[in-house]
Every structure is written in structure tokens, then in C-alpha cells.
Number of protein chains: 2
Amino acid sequence: MKRRLEIQLTPLDEAQRLFFDALEQAGFFIAPEESLPVREALGRVSNRAVHALRPVPHFRSTAMDGIAVRAEQTVSASEQMPVELREPDDFIYVDTGDFVPEPFDAVIMIERVRELESGRVQVTQPIASGKNVRPVGEDFQQGEVIIPADFRITPEAVGALLNGGASTMWIKREPRVIYFPTGSELVMAESELPPGKIPETNSQIVKGYLQQWGGRIEIGPLVPDDSMALQEAFKSALERFDMLLVGGGTSMGRGDLTAAVVSQLGRVIVHGVAYHPGHPVVLGLIEQKPVIGLPGYPVAAWFGLQLFVKPLLERYYRLSPAPASFIEGRLAEPIKSVRGAIEFIRVRLEPGADGWRVFRLPGGASRLSSLIRAHGILEIPEDVESLPAETPVRIRLLRMPS
Amino acid sequence: MKRRLEIQLTPLDEAQRLFFDALEQAGFFIAPEESLPVREALGRVSNRAVHALRPVPHFRSTAMDGIAVRAEQTVSASEQMPVELREPDDFIYVDTGDFVPEPFDAVIMIERVRELESGRVQVTQPIASGKNVRPVGEDFQQGEVIIPADFRITPEAVGALLNGGASTMWIKREPRVIYFPTGSELVMAESELPPGKIPETNSQIVKGYLQQWGGRIEIGPLVPDDSMALQEAFKSALERFDMLLVGGGTSMGRGDLTAAVVSQLGRVIVHGVAYHPGHPVVLGLIEQKPVIGLPGYPVAAWFGLQLFVKPLLERYYRLSPAPASFIEGRLAEPIKSVRGAIEFIRVRLEPGADGWRVFRLPGGASRLSSLIRAHGILEIPEDVESLPAETPVRIRLLRMPS
């Protein structure tokens, strides 16, 4: 009457490598592109370099308030022998950013100009040709790359692209992702909740992060713990979506069907990864599309998103991970950890006499409160079973302790 | 015929303090609140703590796959003298997350259960009451704070709020902000560009960051360099907006009217701040509302946003700044800096034999390319005029060098 098998846990880095290698081979990381107006491209990722269609700036302009002159006319100027210039043949007044027309080729700061009467000035020192004049194309030459391929469009990139005359650009199409919450125990959070029924809210966590990371996420209907229902859900999604996420049913309990159904329709690359909280992750492919089974416990689902979905999307977009922030502290109490698996511990930081004190927040995979109250995450390596109090540690910050 | 005055530059930290103190007194940092469905609150900032309307979980559930039992029935169990239990009076099968009904009070892992025949099992060791049972309210007790006030709503917070039965919440209303680009030289980026005309694109930088930082931003019409026109623009905006931004006209050239107009309608707190690029910033109040004049050069405008608008919005929302990311490196070349003003230098990083090599990107306040190509920002203090090559420096990362 054996109903379950222990799953073999794959080390985290190996699980990521196996899964991403399979996706690479399946061609998943070749993003399709689409054209988009530059004014709507903020936050999207370029698929091709964009070149300036015109130089920026497109005219010679003054970098100072002053007078535009012909440098050659000032060669002999000195305090003793000032050179007198007349408007508009010898000079014109210009303010920062103004066009410096031919034949003028230099600008003398207004502070250095001796103004005699309307239209007449004296200058008392020579100026070099080009001085205080911004040349054409100083920011971008015509044809120069404004942004490279695989670049996330920042607000300043939108500005520079428009300056360079680009009005549309090729961006990587967002992958279309569907998330199926599974489990006969799940109901809408706003419903009546008899004992045994659980509000389905992991979809909100999935949705929030997918939007942040550039996935076009849709939440599918609740799927009961039924093999046929899950198969139907997957099959119906394959036409319209590039990637399938499924929540729950990833362990080996009676209702845990995800791995079996992925095997039936495609192949499981990894089932079970050696980290806490959240090892019963399913990583697979169906019809060359990634399928990720996230654990049902919300904190475990959260780590599944951070450890597999986020780097998957970074690879898809060919982006480096955003820089992370770390802070040093010391353990306020001893910490025990699971041997043979990485453990991610949610911690709070409190100011101490000699730096930050690090406190472990209670709670396993089921307690969202541990994530909400955490200032950061402490990663304990696989081979560490315990850390004594006062151990110096490096915390990956989620938010600044205040 | 003196047409300009040198502006007195205020140190950066003093400028921020003076301006924010004035805003504090004007009551600007008391955010109005509005009620919003929790499902739409992602990224917004709570104005009141939200308490759980029901315990989470709201029923006793099993943390394991196994059998739910009455602990007292197992007291005498041992390998030699197993206790036999019958379904459903003595035990029921439960999978992780299932309801554990009365009178059961503990769960024995399925691996530790000796299954005899359908409906009969033996257990070989005693179990403590409560073991493997998640108590009611383990994540949040009824009435417990799920999120505090002044908390930016993360995806997991949405999940926890819905779990706790909250369907709406009080959030801080986004300040309504308008940005007026000023300058008779400005035209739409998509227009014809004769010499002397400049594409108006700073609005896209302002818009992108304001959205990111939680301002409800609107871009006003282009305002010519005309005192009356700027006055009218400001006056018309005061009814509908909480904060005015104006781009350009902040220096002391012939067309630089911002400070004068702010003085006429309200008061200027600071004009000119001691940092590069971008010192001609105007910070003021009109009818108790903040007015910020940003320089016209795009890089200077960018720093104006980072140094004044971002911390202003953080204060408004009572949020700590998001954790920043730093990286250590060594200057590849000597750097000269302006004495008497902080200088923010855009740098690129390249891997070297003993860590990151730091290269200054060319360009003053006018070259957006310097921001787009930068990996980070090096801050040179006011009293430093030059740094020799190989100086170890700390770079604030904008993006990861790859």
C-alpha cells in the first residue's frame, strides 16, 4: 500500500542549470520581437540596437550665456588693447542652448564681456575656435548607437531615443504566462470559508512578480485535484501561452498530480530541489514550453518565483540581474539549519551597539507573515547545520530596516 | 547693463533640509487617504495598519501527509507493542493542508504508519498533542496587524491581506503632480527641427520616474519664456495639482524666469544648490504647495529628480529609501572635480586583475549618453578637487556591469 515515494532532491544550482539548458535547447530564450512606439517602451527590453536618425544636438549651440563671435577676431585682444565688436556683424547675444550660426565659432561668457552701449562690446582676451560651443552630435552622432540590444528602457533612454529621432523601436515581446492554481481545497478569498477550504491568494503573488519581471500574466481558473482536469487545463493553455505555471500539487501526496501530468504531456526535468522552504518544485517542458510547478505553501511559492521564474525571465530578456543590496550583521541567537539543503531564513534586523543584530523570524513555508515582516533573507549553505550566536552574516535586503 | 547675478549655491544637504522643513510646516507630508480594493493596491502605500478580520489559517490543518489521531491513544505505542487504530473513529487520512477535525489533535507522518489493511493501521510510537498540526491563527491571529501603516504593498502583502479577509484598505492618495516644460526653443520631438529648436523630451524622464516613485504625473503644455505665460500656467495648475514641476528657466539667463515667477506667486526657499551636474535648481512653495524648478539640461534634470523629488515622495509616503547597491573599484584614471560643490560622476566599470576598474564617462549636464552608458555614479565630496588613479572608490550601481 505504498502511496508515495521520497523525491530525490536536486541541488539548486544544478536544477537551474538543467532546466535552463533544456529551455535553451527548446529555443525558449529566442524572444520574438515586436515594434512599439518609443513613448510606450518604458520598462520594456530592446531586441535590436537603436541608432540615432539625426545628430544630437542637431545644431551648434552655446554652452554658456554670452556672445557668439568669430574667434579669429579676438586674437589680438588684451586688457590693454581690447577688441571692439559690433552687433550683429561681429557678435550676437546668445543664451545657453541657443543656435550659434555661421560664421560665429566661439562663445565668450557674458561675465567676460565689457558692454559699452547697445550693440557695442569690448573683449579683453582671445578665445579659441569652438570654445563654449557644443558641437553637432556631441551627445549622439547620426547613426551612433543610442541604446544597445537587450537593454531595459529607462526614462532617460526614452528621452535620448526621442532626441535621436527614433519614434518606434523593436522590443522583445513579453512572454505570455498563465498560472493555474490547483487544489480542490481552494476557493476565492472573498467566498465563505468553511473549515478545510483555503483562500486562493498565491495567484496575487505570482501576478505581482510576473508583472514586475516582464511576463504578460493571466490567472487561469481554479483546477481541482484531478488528473484529467489538469491535463485539459494545460492543453487548452498551450495554444495561447508561452509558459505555464501551476500552483500546488507538486509534492507527493494523494492529490499531488503536477509532476505526473507534466510527464504525461511532456517531460519533467527536475522534481524536488534541495532548498528550504519549498523543495517540491516541478520543472519541465510541454511542447517545448516551460512548465513550472510551484509549491502550494505561499512562502515556498515565493522562493520558487525568485529562484526559477525571475532568472528565467532575465535569460529570456538577456538582462543581468538587477543589483542586489546586502547588509552585514551578527546573529542575535544561534540558528539551526537543515543539512543537505540550502535554507533561506527570513530575518529582522535591529540596531545594536556594534552594528545590526539579526533575528530569525518564526515560521515555515506557510507563514506569509515571515516574509512581510522580514528585512531580508539569510542564506545558509547546504553543508551548514548550525550557526552560533554572534556569527557575522550577510543579509540580502528586501527593505531597509528603519 | 548688468543682466545677471551669480546665484549663491546652497549645500545639498542644507537645501534638502530647508525645503523639506518648509514642506513639513506647510502640511504637505500629511497624505490624504483613499479606500482601495486590496486586489488593486499592489505598489501603493498603506495609510493605516490593516488587521486580520479572521485568523489565518482559520482552521486546524495538517502540516504533513499522514493520519490524524488523538494523541492520548498513542501514549503506550512502541515497536514491541504497537497500537492499532481504526478508520474513521481512531484516525483519518489527511494530506498537507487538510482540516484536522475534533477530536483529532495530532498528525502522524505517513512514513511512520504501518498500514495493515483498508481502514486499519498500527503506530509504533507516541505522538504529542498538537504535533504536525498547524494551529488556527498560526500566520495571523484574528485582529493581528497584517501590514502596518506606511507600508508599500508587495505581492505577498496582497496575498496575506486577502487571506486575512481584508478586501479594501486605506492607502495614501498619490500626489497629483504636473510638469511644465518651459523654453521658447522647445518643440515636440516628432516635429521638424530647425536649428535652434530643441526636442522636448525631459518630460519623458520626469514622467517615468514620477510613476515609479508614486506620483500621479501629468505633462502640461509647453510654456514659452514669458513671465505671464508661466504665471498663468502655475495659477491654472494650483487647483488640480498638489505639486508643480517646471523644467528649464532655472538659471539666470535672459529667459530664466522660474525663480522670479515663484517669488511673485509664492516664495523661493532655495535657488541654486552646490552640486554638479545641475546646480541651478529652484525649490519653493506656492500656496503651500511644493514647486521644483529642474534645470533644462537632461542630466541635470535627472539629478534634480533623484535628489529632490524622490526623497520628497519618500517623505510623503513615510517610506525608507529603497536599499541601494554599491560596488568597490579603483579609478582607472585620475579624476578632477569642482571644489565647493559635490560632483556626481557617471562611470563605467570594467573587470581588472584585482577588481573593478572605474572609468569616467565624458560629458556634462547635456549628454544623456553619459547616463545611459553608466554602470553607476561616483560621488565626489565638496572638498575634494582631484583623485589620483588607483584611488579605491565606492560606486552606486545603476545596473550590473556584465
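The values are calculated or read from the model by the stated rules, or taken from the named source; none is laboratory data. Just so we're clear, the structure is a prediction, and the values are computed from it rather than from any experiment. Using ideal geometry, Cβ is built from the backbone for each residue, glycine included, and neighbour counts are taken over all protein chains shown. Side chains included, ligands, DNA and RNA excluded: accessible areas come from the protein's heavy atoms. Shrake-Rupley method; radii C 1.70, N 1.55, O 1.52, S 1.80 Å.
It is to be established whether one or more residues within the stretch A:347-354 are farther than 22 Å from B:Ala63 by Cα, touching an Asp or Glu at 6+ places or on another chain (Cβ under 8 Å) and basic (Lys, Arg).
No, the conditions are met nowhere in the stretch A:347-354.
One residue stands out in the stretch B:154-166 among those that are more than 7 Å from every other protein chain (Cβ to nearest Cβ) and more than 22 Å from B:Pro32 (Cα to Cα): the one that is surrounded by the most Cβ atoms within 10 Å (Cβ to Cβ), namely B:Gly164. For the stretch A:69-89, a residue qualifies if it is touching a strand residue (DSSP E or B) at 6+ places or on another chain (Cβ under 7 Å) and free of Cβ contacts under 8 Å to residues at least 60 places away in the same chain, and the qualifying residues are A:Val69, A:Gln73, A:Thr74, A:Ser76, A:Ala77, A:Pro82, A:Val83, A:Glu84, A:Leu85, A:Arg86.
Going residue by residue through the stretch A:288-297, is there one that turns out to be open to solvent by 10 Å² or more (accessible area, probe 1.4 Å) and among the hydrophobic types (A, V, I, L, M, F, W, C)?
Within the stretch A:288-297, none of the residues are open to solvent by 10 Å² or more (accessible area, probe 1.4 Å) and among the hydrophobic types (A, V, I, L, M, F, W, C).
Per-residue answers, yes or no, for (1) without any contact (Cβ under 8 Å) to a residue 40 or more places away in the chain; (2) among the hydroxyl-bearing types (Ser, Thr, Tyr); (3) over 30 Å from A:Ile147 (Cβ atoms):
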residue	(1), (2), (3)
A:Ser35	no, yes, no
A:Ala52	no, no, no
A:Pro55	no, no, no
A:Ala63	no, no, no
A:Val94	yes, no, yes
A:Asp98	yes, no, no
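Can you confirm whether A:Glu314 is within 13 Å of chain B (Cβ to nearest Cβ) and out of contact with any helix residue (DSSP H, G or I) (no Cβ under 6 Å at 6 or more places or on another chain)? Yes, satisfied.
Residues that are open to solvent by less than 30 Å² (accessible area, probe 1.4 Å), more than 14 Å from every other protein chain (Cβ to nearest Cβ) and not aliphatic (A, V, I, L, M): list the strands (runs of 3 or more DSSP E) wholly contained in the stretch B:7-117 that include at least 1 such residues.
Working: elements: B:33-37, B:66-69, B:83-86, B:91-94, B:106-109, B:113-117.
Output list reads B:91-94.
Counting the residues of the stretch A:167-195 that are open to solvent by less than 10 Å² (accessible area, probe 1.4 Å), touching a residue at least 40 places away in the same chain (Cβ under 8 Å) and in a loop (DSSP other than H, G, I, E, B) gives 2. Note on the stretch B:293-341: among residues that are aromatic (Phe, Trp, Tyr) and over 16 Å from B:Ile377 (Cα atoms), the one that is farthest from the chain's Cα centre (by Cα) is B:Tyr297.
If you filter the stretch B:343-357 down to residues that are open to solvent by 30 Å² or more (accessible area, probe 1.4 Å) and in contact (Cβ under 8 Å) with a residue 24 or more places away in the chain, you find that the one that is farthest from B:Leu368 (Cα to Cα) is B:Asp354.
Quick one: how many residues across the stretch A:204-226 are assigned to a strand (DSSP E or B), open to solvent by less than 50 Å² (accessible area, probe 1.4 Å) and within 14 Å of chain B (Cβ to nearest Cβ)? Within the stretch A:204-226, residues that are assigned to a strand (DSSP E or B), open to solvent by less than 50 Å² (accessible area, probe 1.4 Å) and within 14 Å of chain B (Cβ to nearest Cβ) number 1. I'd like to check something: does the stretch B:300-307 contain any residue that is modelled with pLDDT of 95 or more and open to solvent by 20 Å² or more (accessible area, probe 1.4 Å)? Within the stretch B:300-307, one or more residues are modelled with pLDDT of 95 or more and open to solvent by 20 Å² or more (accessible area, probe 1.4 Å). Filtered by the rule that a residue be at pLDDT 95 or above and small (Gly, Ala, Ser), the stretch A:264-299 gives A:Gly266, A:Gly284, A:Gly293.
Figure legend. Inter-residue proximity from the stretch A:292-316: first residues closer than 22 Å to B:Gly164 by Cα, second residues outside any loop (DSSP other than H, G, I, E, B) and open to solvent by 10 Å² or more (accessible area, probe 1.4 Å), beta-carbon distance below 7 Å, spacing 6+ or different chains. Indicated pairs: A:Pro298/A:Asn202; A:Ala301/A:Asn202; A:Phe303/A:Phe344.
Can you go through A:Thr182, A:Thr201 and tell me which one is of a type in the set (S, T, N, Q), farther than 30 Å from B:Ala189 by Cα, within 7 Å of chain B (Cβ to nearest Cβ) and more than 19 Å from the chain's Cα centre (by Cα)? Can you show your working first?
Numbers: A:Thr182 fails: within 7 Å of chain B (Cβ to nearest Cβ).
Sole residue among the options that is of a type in the set (S, T, N, Q), farther than 30 Å from B:Ala189 by Cα, within 7 Å of chain B (Cβ to nearest Cβ) and more than 19 Å from the chain's Cα centre (by Cα): A:Thr201.
Within the stretch B:317-342, track down each residue that is free of Cβ contacts under 8 Å to residues at least 40 places away in the same chain and either away from chain A (no Cβ under 11 Å) or open to solvent by 80 Å² or more (accessible area, probe 1.4 Å) (or both). Listed by number, the list is empty, since nothing qualifies.
Conditions (1) closer than 30 Å to B:Glu239 by Cα; (2) touching a Gly at 6+ places or on another chain (Cβ under 6 Å), marked per residue:
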{"residue": "B:Ile110", "(1), (2)": "no, yes"}
{"residue": "B:Glu117", "(1), (2)": "no, no"}
{"residue": "B:Arg120", "(1), (2)": "no, no"}
{"residue": "B:Ser167", "(1), (2)": "no, no"}
{"residue": "B:Gly183", "(1), (2)": "yes, yes"}
{"residue": "B:Leu193", "(1), (2)": "no, no"}
{"residue": "B:Val206", "(1), (2)": "yes, no"}
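Among the residues of the stretch B:358-393, those that are open to solvent by less than 20 Å² (accessible area, probe 1.4 Å) and more than 14 Å from chain A (Cβ to nearest Cβ) comprise B:Val358, B:Leu378, B:Ile380, B:Val393. Scanning the stretch B:36-53 for residues that are among the small types (Gly, Ala, Ser) and either assigned by TED's automatic domain parsing to the domain that holds B:Pro290 or closer than 23 Å to B:Ala322 by Cα (or both) returns B:Ala41, B:Gly43, B:Ser46, B:Ala49.
For the stretch A:134-150, the set of residues classified as outside any loop (DSSP other than H, G, I, E, B) and modelled with pLDDT of 95 or more consists of A:Phe140, A:Val145, A:Ile146, A:Ile147, listed by residue number. Would a scan of the stretch A:129-149 turn up a residue that is touching a strand residue (DSSP E or B) at 6+ places or on another chain (Cβ under 7 Å), open to solvent by 60 Å² or more (accessible area, probe 1.4 Å) and within 8 Å of chain B (Cβ to nearest Cβ)? Checked the stretch A:129-149: no residue is touching a strand residue (DSSP E or B) at 6+ places or on another chain (Cβ under 7 Å), open to solvent by 60 Å² or more (accessible area, probe 1.4 Å) and within 8 Å of chain B (Cβ to nearest Cβ).
Do we have A:Val281 as over 22 Å from the mean Cα position of the chain (by Cα), buried (at least 21 other Cβ atoms within 10 Å of the Cβ) and farther than 26 Å from A:Gln211 by Cβ here? Considered against the rule, which asks whether it is over 22 Å from the mean Cα position of the chain (by Cα), buried (at least 21 other Cβ atoms within 10 Å of the Cβ) and farther than 26 Å from A:Gln211 by Cβ, A:Val281 comes out as no. All told, B:Gly284 falls short of being within 13 Å of chain A (Cβ to nearest Cβ) and farther than 21 Å from B:Glu382 by Cβ.
Restricting B:Ser366, B:Ser370, B:Ser402 to those that are among the hydroxyl-bearing types (Ser, Thr, Tyr), not in a loop (DSSP other than H, G, I, E, B) and not assigned by TED's automatic domain parsing to the domain that holds B:Pro295 reduces the list to B:Ser370.
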